[in-house]
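Novice: I have a structure here, written as structure tokens, and I will follow up with some questions on it.
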Amino acid sequence: MHYIKYTLLLFSFILLCSTGTSGQNYITITGVVVDAESGDPLIFASIGIRNKSIGTITNAIGEFDFHIPVENRNSVIEINMLGYESYTVSVNEIILTGINRFELTKSSKFLQEVVISDSLSGGDIFNIAVSRIENNYPMTPFLMDGFYRDIKSVAGTHIALLEAAVKIYDKEYDEPRQKTRLRERVALIEVRKSLGYDNKFTSFFDQTNLLEDLLLHNIVRYRQFPEDPNFLNQLKREETSFYNGRKIFLVTLKESDRIKLYIDAMTFAFIRIEYQMGPQEGIIDRKNGLESKLHSLQKIIEFKEYSGKMYLSHIDLLSEIHWIHPRTKELKFTTELQQQLLINNIWPNTSSKIGTTEKMKRFGLQYQYRNYNKGFWDNYNVIKETPLNKKIVEDLEKDLSLEKQFTDTK
């Protein structure tokens, strides 16, 4: 009866679910990823299909929805997280048992103190990693499918949400001459947004293309590493970690948590970069009689391996700006911008390109709006919303449900 129950559920689900564009059937796997010992949720754990590029990540409470084409029902799901053993389970087993809680065990190697037998310093490891970027990252054209989200807040109240499904084309990971000019070409596939862009505070946010700005934060792609000659001497080699069964170097700034670099010990590929910046003195902008200063910035960039090369997996950026009266220096209010980009599929060595007429414009995505396609979004891999962020939904739905806003926005 157990087998029949889940087979019938799957059959019914397959009959009901299809994409809004191709009519292809999907299976949705819903679950939570936690530490097996403590039960704590694992944030940004990577979920994918073995030997395929399709994937997603967990949200702020370890939850995920993973939409996979039904022809992959005989495939194996892999879940990976820094410092933990890889977790594998077949799609069929998930369907038959109804498992929705995935417990990851800390690597046995990670639990033991690792004796560092070689003499590489933190600066040495970093230097080698930079020198091998062209070996570890794609040097032939590739396409990526992605999901972008930004949330704008003023004084702790969320005023606007925008989400987009995109295709990103890049020729190669060569070092660009201009490190502040976007090299990738991006095509908008679908866009949906709330009505908050009519809010009077919207003008206090940058009206340029925020997705383009986010991509420029990929410091590996754009070689945006500190040029201070003392930087290498400030790097410290920490306790070794593990990822997907492989040894990972952890390099940080001495006496600081502002930069953490996770680097593969075998290939010297950057796996993950964490960066934090505190209050800055310089004035960023002046609007409506106020001056703005950066109060804090937090950034996470993670890469994943596919077909022997490292590709972007996700970027998470949170910036907080203080708006100050120029004469009294009084803080009037704070704006916060959260941006996320998830790469959910990769097409290496592609002959396809994004043409000039297809690529997104350089102005704000909110002005490049397209009609809301609910069928498309029902089966597109996004970063799952979390109940911890229910205040976001409450703020945005004061007058109208988000579903209605997506549909009504012109």
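The values are calculated or read from the model by the stated rules, or taken from the named source; none is laboratory data. The model shown is predicted, which means the values in this text are computed figures rather than measured ones. Don't worry about glycine lacking a Cβ; one is built from the backbone with ideal geometry, like all the others, and counts go over all protein chains shown.
Novice: If I ask for residues that are surrounded by fewer than 20 Cβ atoms within 10 Å (Cβ to Cβ) and either under 30 Å from I248 (Cα atoms) or not assigned by TED's automatic domain parsing to the domain that holds Y137 (or both), which ones from segment 312-332 would you list?
Specialist: Looking only at segment 312-332, we keep the residues that are surrounded by fewer than 20 Cβ atoms within 10 Å (Cβ to Cβ), and these are 318-320, 322, 324-332.
Matches in segment 312-332: L318, S319.
Novice: So N59 passes all but one of these: (1) without any contact (Cβ under 8 Å) to a residue 24 or more places away in the chain; (2) assigned to a loop (DSSP other than H, G, I, E, B). Which condition number does it fail?
Specialist: (1)
Novice: Using beta carbons and a limit of 7 Å, which pairs, at least six apart or on different chains, have the first residue in segment 326-344 and within 30 Å of N379 (Cβ to Cβ) and the second one surrounded by 15 or more Cβ atoms within 10 Å (Cβ to Cβ) and of a type in the set (K, R)?
Specialist: Listed by first residue and then by second, the contacts come to L337/K152; Q340/R149.
Novice: For segment 139-178, what are the residues that are of a type in the set (S, T, N, Q) and at pLDDT 95 or above? If you could, list the steps in order and put the result at the bottom.
Specialist: Residues of segment 139-178 of a type in the set (S, T, N, Q): 140, 153, 157, 178.
Scanning segment 139-178 gives a single hit, T140.
Novice: Another question, if that's okay. Considering each residue of segment 117-163, count those that are assigned to a strand (DSSP E or B) and within 20 Å of S53 (Cα to Cα), and give that number.
Specialist: Looking only at that region, the number is 7.
Novice: Yes or no: K299 in a strand (DSSP E or B), farther than 22 Å from L161 by Cα and among the charged types (D, E, K, R)?
Specialist: Details: in a strand (DSSP E or B): yes; farther than 22 Å from L161 by Cα: no; among the charged types (D, E, K, R): yes.
Against the criterion (in a strand (DSSP E or B), farther than 22 Å from L161 by Cα and among the charged types (D, E, K, R)), K299 does not qualify.
Novice: Just the residues that are surrounded by 14 or more Cβ atoms within 10 Å (Cβ to Cβ), assigned to a loop (DSSP other than H, G, I, E, B) and in contact with a helix residue (DSSP H, G or I) (Cβ under 9 Å, 6 or more places away or on another chain), please, taken from segment 239-264.
Specialist: T240
Novice: Is at least one residue of segment 277-289 part of a strand (DSSP E or B), within 30 Å of I346 (Cα to Cα), assigned by TED's automatic domain parsing to the domain that holds P226 and free of Cβ contacts under 8 Å to residues at least 24 places away in the same chain?
Specialist: Taking every residue of segment 277-289 in turn, none turns out to be part of a strand (DSSP E or B), within 30 Å of I346 (Cα to Cα), assigned by TED's automatic domain parsing to the domain that holds P226 and free of Cβ contacts under 8 Å to residues at least 24 places away in the same chain.
Novice: Is it true that some residue in segment 373-384 is within 22 Å of the chain's Cα centre (by Cα), part of a strand (DSSP E or B) and of a type in the set (S, T, N, Q)? Spell out the reasoning first.
Specialist: Step one: list which residues in segment 373-384 are within 22 Å of the chain's Cα centre (by Cα), which gives 376-384.
Narrowing further to those that are part of a strand (DSSP E or B): none.
No, that holds for no residue.
Novice: Being at pLDDT below 95, part of a helix (DSSP H, G or I) and either in contact with a helix residue (DSSP H, G or I) (Cβ under 7 Å, 6 or more places away or on another chain) or of a type outside the set (D, E) (or both) is the requirement here; does F333 meet it?
Specialist: No, not satisfied.
Novice: Any idea which of (1) modelled with pLDDT of 95 or more; (2) crowded, with 18+ Cβ neighbours inside 10 Å; (3) not polar (S, T, N, Q) is the one L365 doesn't satisfy?
Specialist: (1)
Novice: May I ask you to list the residues in segment 265-276 that are without any contact (Cβ under 8 Å) to a residue 40 or more places away in the chain, in a strand (DSSP E or B) and in contact with a Phe, Trp or Tyr (Cβ under 9 Å, 6 or more places away or on another chain)?
Specialist: Across segment 265-276, the qualifying residue is only E274.
Novice: H217 - would you say it is farther than 30 Å from I168 by Cα, assigned by TED's automatic domain parsing to the domain that holds M360 and either outside any loop (DSSP other than H, G, I, E, B) or touching a residue at least 12 places away in the same chain (Cβ under 8 Å) (or both)?
Specialist: no
Novice: Do the conditions hold for F64, that is, is it modelled with pLDDT under 90, of a type outside the set (A, V, I, L, M) and either assigned to a helix (DSSP H, G or I) or in contact with a strand residue (DSSP E or B) (Cβ under 8 Å, 6 or more places away or on another chain) (or both)?
Specialist: Taking the combined requirement at face value, the residue does not satisfy it.
Novice: What number of residues within segment 187-217 are buried (at least 18 other Cβ atoms within 10 Å of the Cβ) and polar (S, T, N, Q)?
Specialist: Total satisfying the criteria: 2.
Novice: How about segment 228-286: which of its residues are more than 23 Å from the chain's Cα centre (by Cα), over 26 Å from T105 (Cα atoms) and of a type in the set (K, R)?
Specialist: The answer is K236, K254, R286.
Novice: So which of D40, D35 ends up being loosely packed, with under 12 Cβ neighbours inside 10 Å and either at pLDDT below 95 or more than 26 Å from G146 (Cβ to Cβ) (or both)? Let's see the steps before the verdict.
Specialist: On the way: D35 fails: loosely packed, with under 12 Cβ neighbours inside 10 Å.
Just one listed residue meets the conditions, D40.
Novice: Among K384, K374, K391, which is the only one that is outside the structural domain of A45 (by TED's automatic domain parsing), over 18 Å from A164 (Cα atoms) and touching a residue at least 40 places away in the same chain (Cβ under 8 Å)?
Specialist: None of the other options fit; the residue is K391.
Novice: Select from segment 68-99 the residues that are acidic (D, E) and out of contact with any Lys or Arg (no Cβ under 6 Å at 6 or more places or on another chain) and write down the one among them that is surrounded by the fewest Cβ atoms within 10 Å (Cβ to Cβ).
Specialist: The selected residue is E71.
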